[in-house]
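A quick write-up on the structure given underneath.
The values are calculated or read from the model by the stated rules, or taken from the named source; none is laboratory data. Remember, it's a predicted structure, so these values are computed and weren't measured experimentally. No Cβ is skipped: glycine too gets one built from the backbone with ideal geometry, and neighbour counts run over all protein chains shown.
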Amino acid sequence: MAAVVEATEDAARHRRWDLRFGLLDPRPGPDARPPPFNAVATDGGVRLVTRYDYRLPMGRLGGWIDRVAVRPVLAQATAWSSDRLRIWLEDGIPPEQSRNTAVAHGVAASTVAGIWMYHGLVPKLWKVDADELTFFTVIGLGTRAARAAVRAAGVAETAFGVATARSSNRRWPFALTLMSMPVFAVGAVVTDRRLATRAFNPVSLNAAITALAGVALATHSGRPSGRTRSHSASSR
C-alpha cells in the first residue's frame, strides 16, 4: 500500500507511469491538471480510483469531440497507465521498459497481421499471381482449379490476418506463424527453385515474418495491455 501511495502521490514517480500527464498537459491541450489516483485498500489488494475534470472549448462541438474522441482516449490511457503501474509494483519492471515492450509488441503484431492480410488479398484474391499458381499446377491441378485454390488460400490468409489483429494479446497467432513460415518457404522453393534467387523471395520474406512473430511472442509478457477496467468521471 505504501508503494502505491508513493507512486501515485510523488509527482516525479507518477509522471513515469501515467500517460495522461502528457495527454492532459494544460499548456498545449485542454484546461486540465494531471489527474491524481487515490489508493483504496481492499480484501483482494489495492484499488485505484481516479477522478478528473476538464472542459474543451468550442461549445457543443467541443462537447461532441469530447464524447466521440477525447474521453475514449483518456479512458484507454487510464487503463493502460494503471496496468503499467501494476507491472512496476508487482513485477519490478520499470515503466519505461514496459512501455518499450508494449511498443515492440504492437509493431511486431500489427506487421505480422498486415502481411498475412496483404498476401491474402493482393497476390491471391486480387491478382491471382502466376507464382502463386505454380505450386498448385505442379501438384497436378489444372489452371481453373489452381486459380480456385489460390483464391481459397487468399481467403484463409486474409481471415488469419484479421484473427491475428483481433487476438494480438494472445500467443497462438504468433506461434502458428512461427511454425508455418518455414514450411511455406520450403514448399515454395521445392516447387520452383528460381523463387529463392529473386530480389523479393519467399525465403527472405518468411524469415522476416518468422522473426517478427518471435518478437511478438517474446514481448507477450511484461507489457501493459490496457485491459484494466477503469471508470472516469467529470463534473460540469
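Checking Val103 against (1) touching a residue at least 24 places away in the same chain (Cβ under 8 Å); (2) within 28 Å of Ser225 (Cα to Cα); (3) part of a helix (DSSP H, G or I); (4) not charged (D, E, K, R): exactly one of these is not met. Which one?
(1)
Take the residues in the stretch 173-199 that are farther than 21 Å from Phe160 by Cβ and among the hydrophobic types (A, V, I, L, M, F, W, C); name whichever of them is surrounded by the fewest Cβ atoms within 10 Å (Cβ to Cβ).
Once the filter is applied, the top-ranked residue is Ala199.
Are there any pairs, at least 6 apart or on different chains, whose C-beta atoms fall under 8 Å, with the first in the stretch 68-79 and assigned to a helix (DSSP H, G or I) and the second buried (at least 18 other Cβ atoms within 10 Å of the Cβ) and among the β-branched types (Val, Ile, Thr), and if so, which?
Thr78/Thr50
Being in contact with a Gly (Cβ under 9 Å, 6 or more places away or on another chain) and under 15 Å from Ser82 (Cα atoms) is the filter here, so list the residues in the stretch 98-119 that pass it.
If the condition is that a residue be in contact with a Gly (Cβ under 9 Å, 6 or more places away or on another chain) and under 15 Å from Ser82 (Cα atoms), then Ser98, Ala102 are the ones that fit.
Between Val112, Val128, which is in the same structural domain as Leu195 (by TED's automatic domain parsing), closer than 30 Å to Ile209 by Cα and outside any helix (DSSP H, G or I)?
Only one candidate passes the filter, namely Val128.
Just checking, which of Arg86, Arg67, Arg71, Arg99 is surrounded by 13 or more Cβ atoms within 10 Å (Cβ to Cβ), charged (D, E, K, R) and over 20 Å from the mean Cα position of the chain (by Cα)?
Arg71
Would you confirm whether any residue within the stretch 56-64 is in contact with an Asp or Glu (Cβ under 7 Å, 6 or more places away or on another chain) and either assigned to a helix (DSSP H, G or I) or in the same structural domain as Ala188 (by TED's automatic domain parsing) (or both)?
no
Residues checked against (1) assigned to a helix (DSSP H, G or I); (2) among the basic types (Lys, Arg); (3) under 30 Å from Thr101 (Cα atoms):
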{"residue": "Glu132", "(1), (2), (3)": "yes, no, no"}
{"residue": "Phe135", "(1), (2), (3)": "yes, no, no"}
{"residue": "Ala145", "(1), (2), (3)": "yes, no, no"}
{"residue": "Ala152", "(1), (2), (3)": "yes, no, no"}
{"residue": "Val155", "(1), (2), (3)": "yes, no, no"}
{"residue": "Gly161", "(1), (2), (3)": "yes, no, yes"}
{"residue": "Thr164", "(1), (2), (3)": "yes, no, yes"}
{"residue": "Asn169", "(1), (2), (3)": "no, no, yes"}
{"residue": "Leu176", "(1), (2), (3)": "yes, no, yes"}
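Let me confirm something: among Ala159, Ala188, Ala148, Ala153, which residue is under 17 Å from His119 (Cα atoms) and either modelled with pLDDT under 95 or of a type in the set (S, T, N, Q) (or both)?
Result of the check over Ala159, Ala188, Ala148, Ala153: Ala188.
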